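The values are calculated or read from the model by the stated rules, or taken from the named source; none is laboratory data. Bear in mind the structure is a predicted one, so any value in this text is a computation, not a measurement. FYI the Cβ positions are ideal-geometry reconstructions off the backbone, even for glycines, and counts take in every protein chain you see. Ligands, DNA and RNA are stripped out before the accessible areas are found, and what is left, the full protein with its side chains, is counted by its heavy atoms. Shrake-Rupley method; radii C 1.70, N 1.55, O 1.52, S 1.80 Å.
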There are 2 protein chains.
Amino acid sequence: MNQRQQELLDRLNRSGKAVIEVEAEHFGVASMTIRRDLRFLEKNGLAVQTKKGAIPKPKIYAAPLNMAEDSAVKRKIAVRLLEMIEPSSTVLLSTGTTTLTFARLLAQQNLPMTIITNSIPIASALFQTRIKVILIGGELRTTSLDLVGPAAEKYLSEYHIDLLVTGCDGADAQQGFYTSDLNLANLEKLSAKVSDKVIVITESRKFGRKALVKFAEIADVDAIITDNHLKAIDRELITRNGVEVFTT
Amino acid sequence: MNQRQQELLDRLNRSGKAVIEVEAEHFGVASMTIRRDLRFLEKNGLAVQTKKGAIPKPKIYAAPLNMAEDSAVKRKIAVRLLEMIEPSSTVLLSTGTTTLTFARLLAQQNLPMTIITNSIPIASALFQTRIKVILIGGELRTTSLDLVGPAAEKYLSEYHIDLLVTGCDGADAQQGFYTSDLNLANLEKLSAKVSDKVIVITESRKFGRKALVKFAEIADVDAIITDNHLKAIDRELITRNGVEVFTT
DNA sequence: GTTAAAGATGTTAAAAAATAACATTATATT
DNA sequence: AATATAATGTTATTTTTTAACATCTTTAAC
């Protein structure tokens, strides 16, 4: 990378964008030269070419965080859960999109509490709040920004948790809760074991969809928070197990 | 925003990019329609139009993340370090801006190796590459997205590392290396202990600036990689300790 | 139900931008 | 200085984007 390319990259990072004609003027070179420079920067993962120029390459870790948009349904569930949280308690918040929505809500509340999680997006969402955040170490999954594996389990086994809050990929009112990753299922089982109380938060549409691995029986949990489209029969089956059901 | 635009945004966020012709095909509409949709998404701050399509709008995150831009000096140091890395080795990459620059370089190379780190940005930068990433658990610092504390130390103490790569906040050619956080210093000391080899990468301007806590003597490290503005006297003092110095 | 209006989508010609190919200039090497 | 090599500039060609307008769809009013 030559002097001009470096300065171009610096200007790009400083201002957030580069316009070919403007840069060609600034450096006193042909626009073709700037085109070649931007091509070079893109090739090296430092920039992304846009319509008439380029922008800095979006940092990789930002993208997955943006992926999980908060849906209206998830936000309602999160608000319902918030009412049930004891201030100053220690909560284990497992990876998932609904739990992430809840974490974003918590960040706004800024309560003095401790959150333990295996999700990088959740930890990031709680960054620079009054909440003390402990991230469980482990192997980074290639499918999502969270940590699982034996090391994660070992790490977690030394904690004692007041409340576990987790989501699920699938649920059945008689069978229990499912996730699509075996490693994650193991971690979830252990999480429930070290926690005094377990709450599952999930959209009602997850009911009837079984995923790869079961990580908990219905009776293993203390409460389920879901939206108001939960079928009456499912609700009946759950409460029969002594599990509380809260809807939005 | 209509149904198609919603789904288009969804696909955009999921895959990280949208190509006009591909999307037109997928939705069974004219490419002009997708152009109009992307124009709309850009206008609403949800996407940035690129050469033949668009990417999701890079969200600006907390200041500490954005400040860590790759500078030309850091990139040169990172390139120099890359030449010295054994493929398939296990490297402990400590938190820092220079180490983050190196991680970004590594992500482009996509070598089959294992990286252990206590930095969330570093772990994220290596997400979805062939590199196996292990994130050390611990307490999230409020000043930067990394993990420290007794739990982190306990976690780390069970590993054996080929090579530790770390930066520093301050350095002195006679006294050693400094950082501004006591917890981090403790972790750094332990990191050096569990590693066969230690390389410090740092900009030469850090020399002569002492920070709060010393975490290593000069003689504790095997090599230092810095830029070519390192003073001759500093270089002399370092090599006298049997420590190799590489400059860009 | 009909009809007008507004909005969305499709089509195509014109404009703009990007590329490729080659010419020229600068830089490095011997 | 001669030569090779790399970088930059120029321009013709191709591709992409835009703008303008035609057509189709939806909505709302009557």
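Work out the length of the dipole vector of chain A about its Cα centre, built from +1 on the beta-carbon of each Lys and Arg and -1 on the beta-carbon of each Asp and Glu, and round it to the nearest 20 debye. Working shown, then result.
Details: 32 positive and 29 negative charges, 186 e Å.
I would put it at about 900 debye.
Work out, in µm²/s and without decimals, the Stokes-Einstein translational diffusion coefficient of region A:127-174 at 4 °C, 1.567 mPa s, Rh from Kirkwood over C-alpha pairs. All intermediate terms of the calculation are to be shown ahead of the outcome.
Working: Rh = 13.3 Å.
It comes out at roughly 97 µm²/s.
Just to make sure I understand: if all protein chains stay in place, what is the order of B:Leu147, A:Leu105 by accessible area at 1.4 Å, largest first?
Descending accessible area places them as A:Leu105, B:Leu147.
Let me test this: with uniform point scatterers at the alpha carbons of chain A, what is the Debye-based log₁₀ I(q)/I(0) at q = 0.18 1/Å?
Normalising to I(0) and taking log10 leaves -1.26.
Once amide H atoms are built 1.01 Å from N in the peptide plane, which residues 5 or more positions from B:Gly176, or in another chain, come under 5 Å H to H?
Amide H to amide H, under 5 Å and 5 or more residues apart or across chains, B:Gly176 pairs with B:Ile218.
By its C-alpha gyration tensor, with a ≥ b ≥ c as the square roots of the eigenvalues, how is the protein assembly as shown shaped: rounded for a/c under 1.5, else prolate for a/b larger than b/c, else oblate? Walk me through the numbers before you get to the answer.
On the way: a/c = 2.41, a/b = 1.27, b/c = 1.90.
Note, shape of the protein assembly as shown comes out oblate.
Determine the per residue accessible area of chain A with all protein chains present and a 1.4 angstrom probe, expressed in square angstrom.
Numbers: 11090 Å² over 248 residues.
That works out to 45 Å² for each residue.
How many partner chain Cβ atoms sit within 10 Å of a residue's Cβ in peptide A:45-58, on average, as a whole number?
Numbers: counts 4, 4, 0, 6, 3, 7, 6, 1, 0, 2, 5, 4, 4, 7.
Mean partner-chain Cβ count within 10 Å for A:45-58: 4.
Could you list which residues have their amide H under 5 Å from that of A:Gly137, counting only those 5 or more apart in sequence or on another chain, with H placed in the peptide plane?
B:Gly137, B:Gly138
Using +1 at the Cβ of each Lys and Arg and -1 at the Cβ of each Asp and Glu in the protein assembly as shown, identify which of A:Val165, A:Gly208, B:Val29 lies farthest towards the dipole's positive end.
B:Val29
Roughly how crowded by other chains is peptide B:143-149, in terms of the mean Cβ count from those chains within 10 Å of each of its Cβ atoms?
Working: counts 2, 2, 7, 1, 6, 0, 1.
The mean count of partner-chain Cβ atoms within 10 Å per residue comes to 3.
Can you list the residues, at least 5 places off or on another chain, whose amide H is less than 5 Å from the amide H of B:Val48, using H built in the peptide plane?
When sequence neighbours closer than 5 places are left aside, the close amide H contacts are B:Ile55, B:Lys57.
At a 1.4 Å probe radius, carbon and sulfur cover how many percent of the accessible area of the protein assembly as shown? List each step's numbers first, then the result.
Numbers: 10840 of 22330 Å².
Taking all protein chains in place, the protein assembly as shown shows 49 percent carbon and sulfur surface.
May I ask for log10 I(q)/I(0) of region B:3-56 at q = 0.13, 0.18 Å⁻¹, from a Debye sum over the Cα atoms as equal point scatterers with solvent left out?
-0.22, -0.44
Could you pull the accessible area for A:Lys210 with a 1.4 Å probe, rounded to 10 Å²?
120
Charges only on Cβ, +1 for Lys and Arg, -1 for Asp and Glu: so what's the dipole of the protein assembly as shown about the Cα centre, in debye to the nearest 20?
On the way: 64 positive and 58 negative charges, 345 e Å.
Roughly 1660 debye, rounded to the nearest 20.
Given region A:108-248, what whole percent of its Cα pairs are spread farther than 19 Å? Before the final figure, lay out the partial values.
Numbers: 5281 of 9870 pairs.
Considering region A:108-248, 54 percent of its Cα-Cα pairs are separated by more than 19 Å.
Using a 1.4 Å probe on the protein heavy atoms only, what accessible surface does B:Glu23 show? Give it in Å² to the nearest 10.
Number for this one is 10 Å².
Label position 7 Å from Cα toward Cβ: report the copy-to-copy distances for A:Leu237 in nm, one decimal, ordered from shortest.
Its label point is 7.3 nm from the equivalent points in the other copies.
Normalising by the residue count of chain B, find the relative contact order in percent from Cα pairs under 8 Å and 6+ residues apart. Before the final figure, lay out the partial values.
Details: 467 pairs, mean separation 34.1, N = 248.
Result for chain B is 14 percent.
Suppose every Lys and Arg Cβ carries +1 and every Asp and Glu Cβ carries -1, with no other charges. What dipole size does region A:3-58 come out with about its Cα centre, to the nearest 20 debye? Present the calculation step by step, with values, prior to reporting the outcome.
Details: 11 positive and 7 negative charges, 45 e Å.
The calculated dipole for region A:3-58 is roughly 220 debye.
At B:Thr114, label 7 Å along Cα→Cβ: distances to the other copies, nm, ascending?
Here B:Thr114 shows inter-copy label distances of 3.0 nm.
Share of antiparallel DSSP beta bridges in chain A, in percent to the nearest 5? Mind dumping the intermediate values first?
On the way: 15 of 38 bridges.
Antiparallel: roughly 40 percent of the beta bridges in chain A.
Using a 1.4 angstrom probe with every protein chain in place, what is the largest-first accessible-area order of B:Met1, A:Met84, B:Met113, A:Met32?
Output order, biggest surface exposure first: B:Met1, A:Met32, A:Met84, B:Met113.
Provide the buried accessible surface between chains A and B in square angstrom, both chains summed, 1.4 Å probe, rounded to the nearest 100. Walk me through the numbers before you get to the answer.
Working: alone 13120 and 13270 Å², together 22330 Å².
What A and B bury together is about 4100 Å².
Given just the C-alpha atoms of region B:78-190, how large is their convex hull per residue in cubic angstrom? Walk me through the numbers on the way to the answer.
Numbers: hull volume 11.7 nm³, N = 113.
Taking only Cα atoms, region B:78-190 has a hull volume of 103 Å³ per residue.
Quick one: label points 7 angstrom along Cα→Cβ at B:Asp196, distances to the other copies in nm, smallest first?
4.8
In Å, what is the Rg of the alpha-carbon atoms in region B:194-236, and how long is Dmax?
11.1, 32
Using a 1.4 Å probe, how large is the accessible area of B:Phe40, given in Å² and rounded to the nearest 10?
70
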